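Colleague: Got a structure for you, questions after.
The values are calculated or read from the model by the stated rules, or taken from the named source; none is laboratory data. Bear in mind the structure is a predicted one, so any value in this text is a computation, not a measurement. Cβ placement follows ideal geometry from the backbone for every residue including glycine, while neighbour counts extend to all protein chains displayed.
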Amino acid sequence: MIWLLRHHLARLSFVLLACSLLCAGLARAAPVINVLVAEPTGIYQETANSLTQALGREGWKVTVTSPGRNPASGGDLTVAIGTKALEAALAQPGRPVLSLLVPQLTYERLASGQQQVSALYLDQPLTRQLRLLGLALPGMKKAGVPLGPASQGLQAALQNAAKDSGIQVNSAPINKGSDMYAVLIDLAEDSQAFLLLPDPVATQRSTLQNFFLQTYRLKKPVLAYSAPLVQSGALLALYATPAQLGEEAAAWIRESWSKGVFRMGEARYPKRFTIGVNHTVARSLDIALPSEAALTRQLEAMP
Amino acid sequence: MLNRSLAVMACMPTVLAWAAPADPLSEMDYFSEQPVVLSASRLSQPVNRAPAAVTVITREMIEASGFRHLPDLLRLVPGFQVSWVRGNIPTVTYQGLSSIYSRRIQVLVDGRSVYNPAYGQVQWRGIPLALDDIDRIEVVRGPNAANDGVNAVQASIHIYTRSASDDPGWTVGASVGSAKVRDGLLRYAGASGDWLWRVTLNSRSDDWLKNQRDEAHDHLLDARAEWRPNNRDAVTLQAGGVLGEWDNSSVGYTFSNQQTTDFFNGYVQARWQRTLSTRSEWSLLVNHTVTRADETFPPIPAPLPFSGVLAPDNLNYGFSRSALEFSWQGQPLEQLRTVWTAEARLDRAWSASLAGPDTHQGTMYRLSGSMEWNPAEEWVLHAGAMLEKHYYAGTRLSPRLAVNWLPVPGHSFRLGVSRAYRSPTFLEQESDFKFTQAPFIFDQRLLSPFKLKPERMDSVELGYLFHLQKLGLDLDTRLFHNRLDDIIDFTTPYPVAGELAGDGADLTYANLYRAHQWGGEYQLRWQPGKATWLALSQSRTRIRSDFQDLVDSAPAQSLTLLASHDFGLLSGSVGYYRVGKIRWVGSFETPAYDRIDLRLSRAFKVGNTRAELAVVAQSILGDYSEFDTDRLFEPRAYVSFKMHF
């Protein structure tokens, strides 16, 4: 009887041991993600929420901190949301970093030469932007692009995008806000629409006001890169929302976790996007646009 | 030249030199709040969805026309007649019905009325506005009283000046030609922080009509500053003045060959615009205008057996206007847009010679509302009304109802009905012009013994618009019928006690006539390519009235063509204007005329300096008359040079 009890106890302890070993193994399998937000508010929090919700559903452990607070130590991957967060994450090398909400040019400047760092850019690919112009405005052949000092690095990429999309690009430099007027007049001669790219000089408040007033006077529609610019006066905008970026990053993180390590691969543009339309401007310019849903479907179907 | 430079840029993207150091981009460049720039008030309504027929005169039309004066530009609008009674009395009407005082057209410059409450017309030469500073002119053909109130009866002209952000830097220009054409222009537009500003100096001189003493010199200063302290507010401050030195009278009464006019008009205006959202904004507008004309002539000797001279020896007059306007635009529902406006105005006028020693003044209060409702994509319904309490016209309601039907893309129809009032002017209601030598009245010329009612016009119109983008074609047609009642004009002599001439007041004003007006017109714009465009318009009118002068006051037909082509090295444009036989009310018949103007220009670009040399020839077919038969506009040419850096 005692032998039988011992036998059962031995089996029980074996099962318990096996269970604890399995649990430990499982614990090792779920990585620890540290999310570093530039600020614990607004777009950063929105992106972090969308990311943690998507990963939380899988039972992954995600902690959220901001650079000013005590950063979480250890962890398998740091997701840096925002430029300040990326700078802080890069200051502590040795751990994989995924950058979110940072424009491509800024990311490349900050992270060049760094190992184990990747990014889901904030910007939409230029080819997609030009293709949207082509889909929205039939007969669209040439787009004018005023380029401020910060967007100079996109010149070559713009020409490649022009080849890929079949929409030609005329670009001209804006070195200071007062250049905008003359540049728009010049570009308008040979462009059916304008593409506005982010740049602190070109989009400074007074310059931006002049930009929209002048393009409207020239009766040329504008494709911009953010939701607030649709309110400002752009006919169209192509952008990814913080929620979209968070979800897409979560999916990418899940796919990149293999055999206990993260292999994030090359930094890339988001696959997801939102199309914003200013119907009042469309009506005033007498432009009959396809619906946002139709434009989204057509754009998604493109490679 | 430009295309080549752009092509070079596109081929060599990597060799570009960038002067300014690049500030790094951050996510805030994507997400931070931005100003609502193209708010509802800045977006013009597409013409196929507008409640009335609209002609827009653009900058390229202004430049291609070769015209040097604002009223001449209105030749480009179908149905408009422009006549230079003298070099300082240009007069403009739409579909006739006008004497040299065209009193049924409202004119607003950046929302400020430049309608003269003393005489009723617009002193076009006396507006402190350089042609170079005009952004566009929107002309509502037909009544627009539901929006612009009294006096927007036959048409309403909205002139918008260029933003201070346009063409930053210096602009210097000069024109020299026959008919004593001498023009000068100096403008500077700059920016600093949240401020933008522009200052323009402009002088214009010419000797308009052949064998008439009507040399005129205008010197004007116009300034504008825009302050945009944040994303929601925009404050625009404007001030300007014009000094005119004109031979002869500016009001049409000539008593001596030595009569001259020293004219001054000055204004200040401030507008505060707050954008609450893309759908909602309000603005507050305040302005003050003052005008003074000193017209002296050598005293007229008293007839024998009296001695000495008669009074007056001048036709001096002045007027001022102060206005305060609050306007709110909103979109309470997706398909419904509304505009509400409240305004108070104070008009004052004085002319001891023409209207007695008192300063006459009157206040006016207005409340207007309009809505645009899109129940379905192909239907737009407009309803609007202006309720006014006017010092002479009384309390009046000017409503308008219109519907646009857009059955298929490119085609639209418009049906509209409206009512508009024209208030009596100070001169019509208060005139008391007599030659005296105290205590005697020698001759009573003008008198206003009757309480006048406002003129009323009821109008119905049908429009059809066609647009074919592929061919660059826009057609706008309009059929209309107007009924005018209580038309004010001069009547038979009125007895004046003690008048030595014994024939009573020569002229008195009264509500006398009625008229019916029918017509049709079209405007066609065709732009087959970037280098070529043309604007063609034609108009036919018929008037029935119990007053023959009104019947004869519109040409049976008129035609305007302005065409422009860029040849590469040179740009050329031609303007052709044909106006049928016309007799301005109270004048003699003017035969039909054809006028052709030519303009050739060459643009240069050296570094950051842009320049243009142009030659303009006007009326190359020979002399013609626009008013009576003896006031001849002779062929003339001028050369102009403009530089911007």
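Here is a yes/no grid of residues against (1) under 25 Å from the mean Cα position of the chain (by Cα); (2) crowded, with 18+ Cβ neighbours inside 10 Å:
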position: B:Leu310; (1), (2): no, yes
position: B:Asn316; (1), (2): yes, yes
position: B:Phe319; (1), (2): yes, yes
position: B:Gln329; (1), (2): yes, yes
position: B:Glu343; (1), (2): yes, yes
position: B:Ser353; (1), (2): no, yes
position: B:Tyr365; (1), (2): yes, no
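Colleague: All but one of (1) under 25 Å from B:Pro357 (Cα atoms); (2) in contact (Cβ under 8 Å) with a residue 24 or more places away in the chain hold for B:Pro299, so report the exception by its number.
Modeller: (2)
Colleague: Scan region A:230-243 residue by residue and report those that are touching a helix residue (DSSP H, G or I) at 6+ places or on another chain (Cβ under 8 Å) and part of a helix (DSSP H, G or I).
Modeller: Initially, region A:230-243 is screened for residues touching a helix residue (DSSP H, G or I) at 6+ places or on another chain (Cβ under 8 Å), giving A:232-243.
Those that are touching a helix residue (DSSP H, G or I) at 6+ places or on another chain (Cβ under 8 Å) and part of a helix (DSSP H, G or I): A:Ser232, A:Pro242, A:Ala243.
Colleague: While we're looking at this one, here's another question. Which one is nearest to the other protein chains (Cβ to nearest Cβ), of the residues in region B:378-436 that are more than 24 Å from the chain's Cα centre (by Cα) and in a helix (DSSP H, G or I)?
Modeller: Only one residue tops the list, namely B:Gln429.
Colleague: A further question follows. I want to confirm something. Restricting to region B:109-150 and keeping residues that are among the hydroxyl-bearing types (Ser, Thr, Tyr) and within 11 Å of the chain's Cα centre (by Cα), which single residue is farthest from B:Ser99 (Cα to Cα)?
Modeller: B:Ser113
Colleague: Same structure, new question: Taking B:Tyr593, is it of a type outside the set (Val, Ile, Thr), modelled with pLDDT of 95 or more and farther than 30 Å from B:Gly568 by Cβ? Show your work before the answer.
Modeller: Details: of a type outside the set (Val, Ile, Thr): yes; modelled with pLDDT of 95 or more: yes; farther than 30 Å from B:Gly568 by Cβ: yes.
When the stated conditions are applied, B:Tyr593 passes them.
Colleague: What number of residues in region B:300-343 are outside any loop (DSSP other than H, G, I, E, B) and farther than 30 Å from B:Leu243 by Cβ?
Modeller: 16
Colleague: On to the next question. Test A:Leu132 against the stated conditions and say whether it is touching a residue at least 40 places away in the same chain (Cβ under 8 Å), within 25 Å of A:Tyr269 (Cα to Cα) and surrounded by 24 or more Cβ atoms within 10 Å (Cβ to Cβ).
Modeller: yes
Colleague: Quick test of your reading of the structure: A:Lys176 fulfils all but one of (1) out of contact with any Ser or Thr (no Cβ under 7 Å at 6 or more places or on another chain); (2) at pLDDT 90 or above; (3) among the charged types (D, E, K, R). Name the failing condition by number.
Modeller: (2)
Colleague: Being among the hydrophobic types (A, V, I, L, M, F, W, C) and in a helix (DSSP H, G or I), is that true of even one residue in region A:267-282? Please lay out each step first, then the result.
Modeller: Initially, region A:267-282 is screened for residues among the hydrophobic types (A, V, I, L, M, F, W, C), giving A:267, A:273, A:275, A:277, A:281-282.
Going one step further and asking which of them are in a helix (DSSP H, G or I), we end up with A:281-282.
For region A:267-282, residues among the hydrophobic types (A, V, I, L, M, F, W, C) and in a helix (DSSP H, G or I): present.
Colleague: Name the single residue, out of those in region A:87-125 being under 28 Å from A:Leu195 (Cβ atoms), of a type in the set (Gly, Ala, Ser) and buried (at least 24 other Cβ atoms within 10 Å of the Cβ), that is farthest from the other protein chains (Cβ to nearest Cβ).
Modeller: Here the answer is A:Ala119.
Colleague: Looking at B:Arg478, B:Arg456, B:Arg544, which one is crowded, with 16+ Cβ neighbours inside 10 Å, without any contact (Cβ under 8 Å) to a residue 40 or more places away in the chain and in a strand (DSSP E or B)?
Modeller: B:Arg456
Colleague: Given B:Ala617, B:Ala556, B:Ala563, which one is small (Gly, Ala, Ser), touching a Gly at 6+ places or on another chain (Cβ under 6 Å) and modelled with pLDDT of 95 or more?
Modeller: B:Ala556
Colleague: Something else about it: Quick one: B:Gly568 ticks every box in (1) surrounded by 17 or more Cβ atoms within 10 Å (Cβ to Cβ); (2) part of a loop (DSSP other than H, G, I, E, B) except a single one, so which number is it?
Modeller: Status for B:Gly568: all satisfied but (1).
A quick yes/no check of all residues on (1) surrounded by fewer than 22 Cβ atoms within 10 Å (Cβ to Cβ); (2) not in a loop (DSSP other than H, G, I, E, B):
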residue	(1), (2)
B:Glu60	yes, yes
B:Leu73	no, yes
B:Ser83	no, yes
B:Ser99	yes, no
B:Arg103	no, no
B:Arg125	no, yes
B:Asp135	yes, yes
B:Glu138	yes, yes
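Colleague: Wholly within region A:32-102, which strands (runs of 3 or more DSSP E) include no fewer than the required count, namely at least 2 residues that are polar (S, T, N, Q)?
Modeller: Numbers: elements: A:32-37, A:61-65, A:77-81, A:97-100.
The qualifying strands (runs of 3 or more DSSP E) are A:61-65.
Colleague: Another question, if that's okay. Here are some conditions: (1) more than 11 Å from every other protein chain (Cβ to nearest Cβ); (2) touching a residue at least 24 places away in the same chain (Cβ under 8 Å). A:Asp190 meets all but one. Which one does it not meet?
Modeller: For A:Asp190, the failing item is (1).
Colleague: Also, I was wondering about something else. State all residues of region A:277-291 that are hydroxyl-bearing (Ser, Thr, Tyr) and either more than 14 Å from B:Val36 (Cα to Cα) or more than 9 Å from chain B (Cβ to nearest Cβ) (or both); if no residue qualifies, say none.
Modeller: Once the filter is applied, which keeps residues that are hydroxyl-bearing (Ser, Thr, Tyr) and either more than 14 Å from B:Val36 (Cα to Cα) or more than 9 Å from chain B (Cβ to nearest Cβ) (or both), region A:277-291 yields A:Ser284, A:Ser291.
Colleague: Take the residues in region A:133-156 that are more than 9 Å from chain B (Cβ to nearest Cβ) and more than 22 Å from A:Leu208 (Cα to Cα); name whichever of them is modelled with the lowest pLDDT.
Modeller: Among those residues, the one meeting the criterion is A:Pro138.
Colleague: Being crowded, with 24+ Cβ neighbours inside 10 Å and either more than 16 Å from B:Arg59 (Cβ to Cβ) or within 7 Å of chain B (Cβ to nearest Cβ) (or both) is the filter here; which residues of region A:208-217 pass it?
Modeller: A:Gln209, A:Asn210, A:Phe211, A:Phe212
Colleague: Here's a follow-up. Can you tell me which residues in region A:218-230 are more than 9 Å from every other protein chain (Cβ to nearest Cβ) and of a type outside the set (Gly, Ala, Ser)? So that I can check it myself, show each step before the final result.
Modeller: Looking only at region A:218-230, we keep the residues that are more than 9 Å from every other protein chain (Cβ to nearest Cβ), and these are A:218-224.
Those that are more than 9 Å from every other protein chain (Cβ to nearest Cβ) and of a type outside the set (Gly, Ala, Ser): A:Leu218, A:Lys219, A:Lys220, A:Pro221, A:Val222, A:Leu223.
Colleague: Determine, yes or no, whether A:Gln214 is at pLDDT below 90 and not assigned by TED's automatic domain parsing to the domain that holds A:Glu58.
Modeller: no
Colleague: More than 7 Å from chain B (Cβ to nearest Cβ) and in a loop (DSSP other than H, G, I, E, B), is that true of A:Lys163?
Modeller: No: the conditions fail for A:Lys163.
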